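Report on one structure; see the data block that follows.
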Number of protein chains: 2
Amino acid sequence: MASPTDPEKPEKPEKPATPAKPAKLRLSRRALFGLGGASVAGAAIGVGAMAAYEEFNGGSGTTYPFYGEHQAGIVTPAQDRLHFAAFDVLDVSRDELIELLQDWTVAAANMTAGQDIGRHGAVGGPQSAPPEDTGEALGLPAAGLTITFGFGRSLFRTKDGDDRFGLGRRMPDALEPIPPFAIDSLSEASSDGDLCVQACADDPQIAVHAIRNLSRIAFGRASIRWSQLGFGRTSSTSKSQTTPRNLFGFKDGTASIKSEDAGTVNKWVWAKGSGSEAWMNGGSYLVARKIRMIIETWDRQSLQEQERVFGRSKGEGGPLSGGKEFDEPDFAAPGTGGNPMIDVAAHVRLAHPKQNSGIQLLRRGYNYVDGNDELGRLNAGLFFISFQSDHRTGFSAIQANLRRDAMNEYVRHVSSGLFAVPPGISDGGFIGQRLFAD
Amino acid sequence: MASPTDPEKPEKPEKPATPAKPAKLRLSRRALFGLGGASVAGAAIGVGAMAAYEEFNGGSGTTYPFYGEHQAGIVTPAQDRLHFAAFDVLDVSRDELIELLQDWTVAAANMTAGQDIGRHGAVGGPQSAPPEDTGEALGLPAAGLTITFGFGRSLFRTKDGDDRFGLGRRMPDALEPIPPFAIDSLSEASSDGDLCVQACADDPQIAVHAIRNLSRIAFGRASIRWSQLGFGRTSSTSKSQTTPRNLFGFKDGTASIKSEDAGTVNKWVWAKGSGSEAWMNGGSYLVARKIRMIIETWDRQSLQEQERVFGRSKGEGGPLSGGKEFDEPDFAAPGTGGNPMIDVAAHVRLAHPKQNSGIQLLRRGYNYVDGNDELGRLNAGLFFISFQSDHRTGFSAIQANLRRDAMNEYVRHVSSGLFAVPPGISDGGFIGQRLFAD
């Protein structure tokens, strides 16, 4: 088993935030060991270059840089597909946790560049060893893949108070748990976790390949606690994108922060911090909420009732006070019978920045369908993701204001996660490196 | 409740197989009633045209004709995404079953043409009624949607022998149950069913929209028994398509029938029949098998072992006897130690037409990932679909020959379905019409 001072691996850089270009990271022996059992450790080393295959798919050859000031997958224009996974770290040491993050960094840099994992990839290694890459992305383009990592509260301090990795004093205040809400019906087994990985791409095979291979690399060190596939993005994160529809049939995320609004992004998305939280500067906080939609009940409501609940028209998505999708709602505009045109319980009213001290969220949710329940109803809904500088002045504040939301009748929150997403890194560093720098 | 002689609906055509162009079908009152409760039946009638929305998505505007000699979704070039559902018919009459099939026909013709369902669609109806269409496909192109319907054995005769719809004497011999196999680990609740619907499209939102709306229309008449989403096609049905990869990382379905081979399609895909089975002429039989792959175990095998199991190279997909993907394997070619180059237990050998009396399948499978199990392993695999003129000389014959397949160590069949897929219809008819014509 390799330690961080293993000669196969670079020294841990002294000042990791400085882009001093330490020797390029590569997969640890432990990762290779985990990939295929004892035979690999020797065999996988020293063989020729990865074979090249033509792209068979006309799909998206877009690639986003893995390295940078911030992690990709936050303000990146929202891709079409998602595979999200939360991991529990097993009984390993701090050094082994660091090594896992280093291995994940190497693999993520490979995959987001459209490359197979490792030096030999899926088919370039020795016949006697398991391939370093599982192969289902062979020949496919990068499809805009981004991989975004986050740290859960339990990584810093378990529920029993155990500071298992010596990170307790660095736990950010903003990992204070999300408070309970009336519409919560949360499954503990499908909530939280020590680590999270958000893989987004325009091709689901690429997103699945990423989570599968990161899970494989983590073997013996961390295992998937819960996971979720999403098939249709429900928000735009760029003005170049049109607003898609959720499974209630409405445009969703119209008011989500767009990456072009630099001032807004800086204020509401990127985390600030000093002292013990300095490692999170330039990071963000990810809130994930699996929101089951009771679509059969929804579908039986009249168009009028559906529009009252949203406060927007179903077709164009304009506010019921008039205008088009991106026009500002007029919450005071009088309707019939002494009521405002936009109902007092309408979602758009209660979620709007004007009703929430100006708070804005960057949303990155996806539609999901997980088969059906025993009553023949589709197990469907929205896998909501938002990024914010602090959930207490972000998701949790708005969600508290939604307690009277007319939409609550049609949704249940069944899973929840809160993760500190560290800032980006430069080539040679590893995800979360500043957290471990003493 | 409307009956087939309701004045709102066309008369049941006397000779349904003759394309005599009866009055165009439209959604029954019962379907409209099912959509939203009592208020709808009157309110939804007589309002203006469906509003038109620009396409916001640059995606596939491909449309395939719904009407024709055969149902679409069989030899149609395999689309990228799948939503498959099996339904149980509830306690309804034969006439109500016919009406459901008529309603499904109308809705499927709408959706495959890229239109919303019904006369008013998602937003064109009266404010006081639930929309006829749920709306999440609003503004999206057809994305190559095909909807393919099938009838399970239990529609003709239940396990108790009950001929509940008077169809027993028309049950085809080829609905004889698929025999058990050693690798079966089937869940009864996720197998079989009275009806099946295969929705394929290049956009998962379109496929999900189709199943969701057909399920909604069926309210009170049929409900989803089990369902499956698939994200990556694992076969090509046209020579214009390249061969994609399954979750073992190998190209899958190289030897699947291609639609350009008309003689092969005619021989091995389309059902023949006379007498009581004449209604199935031009139809086909659909076999669905959900095949869980033990990917963690697979990933620990050496490249050599993986290639031995498949009998093909992982990169190019050529047979181990030499050559490229579409070159014929040479099963006699001698390897080392007195063994053939293609192992005696290799999947390509045991599944090949040469080893199966020339039998060929048209495959239309998809990769799936259904979250993870409690051990943190991805619940992943292949949702296998094949079409054949008779499963006894198709899937079941080949599967019997696979009993010694080296791949069996890495897979379990967890769900199974067999459905008679009736031939196509002309505009004005309804799916399966000839089955009900006495």
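Each value in this text was obtained by applying a stated rule to the coordinates, not by laboratory testing. These figures come from a predicted structure and were not determined experimentally. Cβ: placed from backbone, ideal geometry, glycine included. Neighbour counts: every protein chain shown.
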Sequence-separation-based contact order of the range A:83-233, relative, with Cα cut under 8 Å and 6+ spacing, percent: 41
Among the trypsin sites (Lys or Arg not before Pro) within the range A:272-307, which fall in a DSSP loop and have no more than 15 other Cβ atoms within 10 Å of their own Cβ? A:LYS272
nm² value of the averaged projected area, convex hull over the Cα atoms of chain B: 22.3
Give me the aspartates and glutamates in straight-line cross-link reach of B:LYS272: C-alpha distance below 14 Å, same-chain residues under 8 apart excluded. B:GLU69, B:ASP173, B:ASP390
³J(HN,Hα) across the range A:321-326 via Karplus (A = 6.51, B = -1.76, C = 1.60, θ = phi - 60°), whole Hz, x for Gly/Pro? 7, x, x, 9, 3, 8
Proxy reagent accessibility, fewest Cβ within 10 Å first, across A:ASP194, A:ASP261: A:ASP261, A:ASP194
As an exercise, take the mean of 1/r over every pair of distinct alpha carbons in the range B:57-173, invert it, and state the Kirkwood radius in angstroms. 16.6
Taking each residue in B:111-119, count the Cβ atoms of any other chain within 10 Å of its Cβ, then average. What number comes out? 0
Calculated label separations, A:PRO353, copies of the chain, 7 Å along the beta-carbon direction, nm: 6.3
Hey, for A:GLY220 with labels 7 Å out along Cα-Cβ, what do the inter-copy distances come to in nm, ordered shortest first? 6.1
For A:ASP330, inter-copy label-point distances (7 Å, Cα→Cβ), nm, shortest first, read 8.2
q = 0.15, 0.29 Å⁻¹: log10 I(q)/I(0) that the Debye formula gives for the range B:187-230, counting C-alpha atoms only: -0.40, -1.14
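Find the percent of Cα-Cα distances in the protein assembly as shown that exceed 47 Å, and round it to a whole number.
Tail of the P(r) past 47 Å holds 25 percent of the pairs.
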Between A:ASP261 and B:LEU375, what FRET efficiency follows from the Cβ-Cβ distance if R0 is 41 Å, with the result rounded to 0.05? 0.40
Dimensionless Rg over Rh [the range B:272-398; C-alpha; Kirkwood]: 1.05
Output for the range A:165-261 (equivalent-ellipsoid semi-axes, sqrt of 5λ from the C-alpha gyration tensor, Å, descending) is 28, 21, 16
Amide H contacts of A:GLY232 (H built 1.01 Å from N, under 5 Å, at least 5 apart or other chain): A:ASN367
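For the range A:368-438, build the convex hull from the C-alpha positions and give me its volume per residue in Å³.
147
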The range A:84-140: percent of C-alpha pairs farther apart than 20 Å? 38
Could you tell me what % of all Cα pairs in the range B:239-322 have separations over 16 Å? 67
Suppose every K and R has +1 on its Cβ and every D and E has -1 on its Cβ; what is the size of the dipole of the protein assembly as shown about the Cα centre, in Debye to the nearest 20? 60
Starting from the range A:223-299, pick out the GluC sites (Glu not before Pro) whose DSSP state is loop and whose Cβ has at most 12 other Cβ atoms within 10 Å. A:GLU260
Along Cα→Cβ, 7 Å out, is where each label goes; now give me the distance between the ones at A:ALA332 and A:ASP427 in nm to one decimal. 5.7
Straight distance only, please: which aspartates and glutamates reach the Cα of A:LYS258 with their own Cα at less than 17 Å, same-chain residues fewer than 8 apart left out? A:ASP80, A:GLU325, A:ASP327, A:GLU328
With a 10 Å radius around each residue's Cβ, average the other Cβ atoms per peptide and rank A:149-157, B:350-358, highest first. A:149-157, B:350-358
Residues B:SER302, B:SER93 arranged by fewest to most Cβ contacts within 10 Å: B:SER93, B:SER302
Among B:THR297, A:THR243, A:THR336, what is the fewest-to-most ranking by other Cβ atoms within 10 Å? A:THR336, B:THR297, A:THR243
Per-residue ³J(HN,Hα) for the range A:63-69, Karplus 6.51 cos²θ - 1.76 cosθ + 1.60, θ = phi - 60°, Hz, x for Gly and Pro: 10, 10, x, 7, 8, x, 4
Could you compute how fast the range A:141-190 diffuses translationally, taking Rh as the Kirkwood radius over C-alpha pairs and applying Stokes-Einstein at 4 °C with viscosity 1.567 mPa s? Give it in µm² per second. 94
Check A:ILE431: other-chain or 5+ apart residues with amide H under 5 Å from its amide H, H built from backbone geometry? A:THR105
5 Å binning of all Cα-Cα separations within the range A:89-230, expressed as whole percents from 0 upward: 2, 9, 17, 19, 17, 14, 11, 7, 3, 1, 0, 0
Shielding by other protein chains, A:247-259, mean Cβ within 10 Å: 2
Sparsely packed trypsin sites (Lys or Arg not before Pro) within the range B:228-271, loop by DSSP, other Cβ within 10 Å at most 12: B:LYS239
Sequence-distant residues sharing a close amide H with B:PHE331 (under 5 Å, placed H): none
Which whole number gives the average count of other chain Cβ atoms within 10 Å of the Cβ atoms across peptide B:306-315? 3
For the range B:366-371, take each phi angle, set θ = phi - 60°, evaluate the Karplus expression 6.51 cos²θ - 1.76 cosθ + 1.60, and give the result in whole Hz per residue in order, putting x for glycine and proline. 9, 6, 9, 9, 10, x
